[in-house]
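Everything on this sheet refers to the single structure shown next.
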Amino acid sequence: MTGTPENSASPERVSAEQAVAAGKDFGELAASARGVFWSAYDPADAATRIWYWNRESNRESAARCLTPDGFSVRGRVYEYGGGAFCITEDAVVFANEKDQRLYRQPIDGDAAPVALTEPGCRYGDLRYSSGAVLAVEEDGGTHRLVSIALADGARTVLAEGADFYAAPCLRADGRRLAWIEWSRPHQPWTATRLCSSERATGDNNSAWQAPRTLAGSSIEDALQQPQFDAHGTLFCLSDRGGFWQPWREQDGALQALPAAPADHAAAPWQLGGCSWIALDDGSSLGAWSDEGWGILGYRAADGALRTLAPQYSRFRNLAADGQHFYCLAASPTCPAAVLAIRRDDFSVQVLADVSPMMPVARIPVPEPVRFASGGSESHAYFYAPEGAASAQSAPPVVVFIHGGPTSACYPVFDPRIPYWTQRGFAVVNLNYRGSTGYGRAYRQALHESWGVVDVDDACNVVTHLAAAQRVDAARAFIRGSSAGGYTTLCALAFRDVFRGGASLYGVSDPLTLGKHTHKFEADYLDWLIGDAVADAERYCERTPLLHAERIRVPVAFFQGELDAVVTPDQTRSMVSALQANGIPTEAHYYADERHGFRKAVNQAHALQAEYAFYCGILEQAPL
């Protein structure tokens, strides 16, 4: 590949800066009697702001931004945050990124936000009910559920004693509380408990009785998203049937509801998710994954099912009012959109969206791929490079490994992908065994097998596509962030498939990670690999840092200096080991980044540097 240098900003290809600029996203959404609200992240200044659309008086005009300069709406509970704002009758309550305090900001007028909490704690999964905000509170290593009164900031502890909490919700009469909790060593996608407590008397100011565990105490049942409908019935999502599907409380037990045999939620890495809603008339709104492809469906009270907004392939943060359904959506050609869907005729109105910044005709289309691996089937999305139909030879390929590792990639527009395909690379977005969206058994396949099944899948997808002459196996690269960086380094150390790779804040030493990482993931490695003492040999076998001499191809590293999840010393140790062995390496450290790069200039630099690194390996000039 030859052509003009990257910094000449060729009009024919999306630049690294343009790709990053197209990475704007919508994070959360909530609806109230006042309208619909959503948060929007802009990489230009790495800030997240709340926007507001009033369906009554603002129907034809654009939404307006509520968040003033100097504030950014982002919580850090469990490090990954989520549920960072909620709506009251006349205000927004949000977690401010810089100091993690809760602030109250009036919806009308220009009044500045006023602090509702003192410094020192983090808050997430905010829910408003009857003059108070329910929240998950993080105080150092302690977590609990609290209620914070809007009038004076008075704080009441609702539940404590478990290791982790999520999703507090109140019945409409304020007399029953439900939530999700779990204890170490479990993660919220392996085993949780659905709990409930009631008021001691009919007085809404009376004390809460001792909590009861409604589900999850006798079997490994990953429950999430509890909610009460207007009639007081409690619902949740459970994967006890093999998929995350809706269940309801009936006579003291959970009863399955009619649902597609598919995951109706993703792994809850962040708080505040909503992917299924019980509506007041007995109907429901839900989003589920059909082998990775998102479906939004309305199920009427009589059971009839209707698919909504079929042009989109991922749906998040569902909400509803009397006139509309709302959600955040994305498609193969749309990075992110806020949708309002009329309940009477199901017509779709786009309230806000993010431009892909390129003609739709030039956007690569995700092609679902199934391939044999480890005695079963695994999943990926393949993106052919531009001009593939007329090419005389198979193209080089970059295999993308998602983070998590219990997470997933989706068939939606990702501006990094056309950056590569417009430069002649094929891209594989891999949902290796262990990813979410394909049921509990597929997700559980990663148990004590991290560094093996994911690596097998990364290698086998290259073999599969090369056999079909879709890619050139001799010019295959692998890249991943966080847990994806670990899979990348394992593939480079323990397999002979890839010409090089890139680790973005990736794990090189699982034992060190286990000693220094945060509470939320402190026991995750026990599930992914095994006990650090009893399975010490297994750890040794799967630690790239201890086998650095087996990596014989170039590797690039990208690391945030403020990272509290995968600390910078991991990257420095791996780089030093490779350099001592004479392996070509590049290492880029970003003083102002944490776990996951948020600043546009850093994201663009990393993308451009990674591409140039691969071009150097292939001995060709960057386009």
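Among residues of segment 585-601 being out of contact with any helix residue (DSSP H, G or I) (no Cβ under 8 Å at 6 or more places or on another chain) and not aliphatic (A, V, I, L, M), the one that is farthest from residue 80 (Cα to Cα) is 599. Test residue 354 against the stated conditions and say whether it is at pLDDT below 95 and of a type in the set (Val, Ile, Thr). Yes; evaluated as a whole, the condition is true for this residue. In contact with a Cys (Cβ under 6 Å, 6 or more places away or on another chain) and at pLDDT 95 or above, is that true of residue 439? No: the conditions fail for residue 439.
Restricting segment 244-303 to residues that are hydroxyl-bearing (Ser, Thr, Tyr) and not in a loop (DSSP other than H, G, I, E, B), the residue that is farthest from residue 78 (Cα to Cα) is 298. Looking only at segment 488-509, which residues are closer than 16 Å to residue 571 by Cβ and either without any contact (Cβ under 8 Å) to a residue 60 or more places away in the chain or not in a helix (DSSP H, G or I) (or both)? Selection gives 490, 493, 501, 502, 503, 504, 505, 506, 507, 508, 509. Does residue 553 fit the bill of being at pLDDT 95 or above, in a loop (DSSP other than H, G, I, E, B) and not basic (Lys, Arg)? Yes: the conditions hold for residue 553.
Within the option set 566, 601, 575, being β-branched (Val, Ile, Thr) and either assigned to a strand (DSSP E or B) or within 25 Å of residue 78 (Cβ to Cβ) (or both) holds for one residue only, 566. Being acidic (Asp, Glu) and either farther than 30 Å from residue 447 by Cβ or surrounded by 24 or more Cβ atoms within 10 Å (Cβ to Cβ) (or both) narrows it down to one residue among 386, 367; which is it? That would be 386, the only listed residue that is acidic (Asp, Glu) and either farther than 30 Å from residue 447 by Cβ or surrounded by 24 or more Cβ atoms within 10 Å (Cβ to Cβ) (or both).
Residues in segment 213-233 that are over 22 Å from the mean Cα position of the chain (by Cα) and surrounded by 13 or more Cβ atoms within 10 Å (Cβ to Cβ): 214, 215, 216, 220, 228, 229, 233. Residues of segment 58-97 being in a loop (DSSP other than H, G, I, E, B), more than 19 Å from residue 26 (Cβ to Cβ) and aliphatic (A, V, I, L, M), which ones? The answer is 77, and nothing else.
Give 594, 572 a once-over and let me know the one that is surrounded by fewer than 19 Cβ atoms within 10 Å (Cβ to Cβ) and within 19 Å of residue 489 (Cβ to Cβ). Every option except 572 fails the conditions. Taking segment 98-170 as the region of interest, the strands (runs of 3 or more DSSP E) fully inside it that hold 1 or more residues being charged (D, E, K, R) and closer than 21 Å to residue 48 by Cβ are 102-106, 122-129, 132-139. Give segment 391-406 a look and list any residue that's part of a loop (DSSP other than H, G, I, E, B), farther than 11 Å from residue 425 by Cβ and touching a helix residue (DSSP H, G or I) at 6+ places or on another chain (Cβ under 8 Å), or say none. If the condition is that a residue be part of a loop (DSSP other than H, G, I, E, B), farther than 11 Å from residue 425 by Cβ and touching a helix residue (DSSP H, G or I) at 6+ places or on another chain (Cβ under 8 Å), then 394, 402, 403, 404, 405, 406 are the ones that fit. Going by the structure shown, is residue 236 under 26 Å from the mean Cα position of the chain (by Cα) and under 18 Å from residue 279 (Cα atoms)? It is true that residue 236 is under 26 Å from the mean Cα position of the chain (by Cα) and under 18 Å from residue 279 (Cα atoms). Condition first: assigned to a strand (DSSP E or B) and of a type in the set (D, E, K, R). Now tell me which residues in segment 364-390 satisfy that. Selection gives 367, 370, 377. Just one of the numbered conditions (1) surrounded by 20 or more Cβ atoms within 10 Å (Cβ to Cβ); (2) under 23 Å from residue 493 (Cα atoms) is not true of residue 582: (1).
Selection within segment 319-347: residues that are assigned to a strand (DSSP E or B) and without any contact (Cβ under 8 Å) to a residue 60 or more places away in the chain. The member of this set that is nearest to residue 263 (Cα to Cα) is 329. Taken across segment 528-545, residues that are buried (at least 17 other Cβ atoms within 10 Å of the Cβ), under 23 Å from the mean Cα position of the chain (by Cα) and in a helix (DSSP H, G or I) do occur, with at least one present. Between 251, 229, 239, 203, the distinction of being of a type in the set (Asp, Glu) and in contact with a strand residue (DSSP E or B) (Cβ under 7 Å, 6 or more places away or on another chain) belongs to 229 only.
Filtered by the rule that a residue be within 22 Å of the chain's Cα centre (by Cα) and either of a type in the set (Phe, Trp, Tyr) or in a helix (DSSP H, G or I) (or both), segment 513-525 gives 513, 514, 519, 520, 521, 524, 525.
The values are calculated or read from the model by the stated rules, or taken from the named source; none is laboratory data. Being a predicted model, the structure only gives us computed values, none of them experimental. FYI the Cβ positions are ideal-geometry reconstructions off the backbone, even for glycines, and counts take in every protein chain you see.
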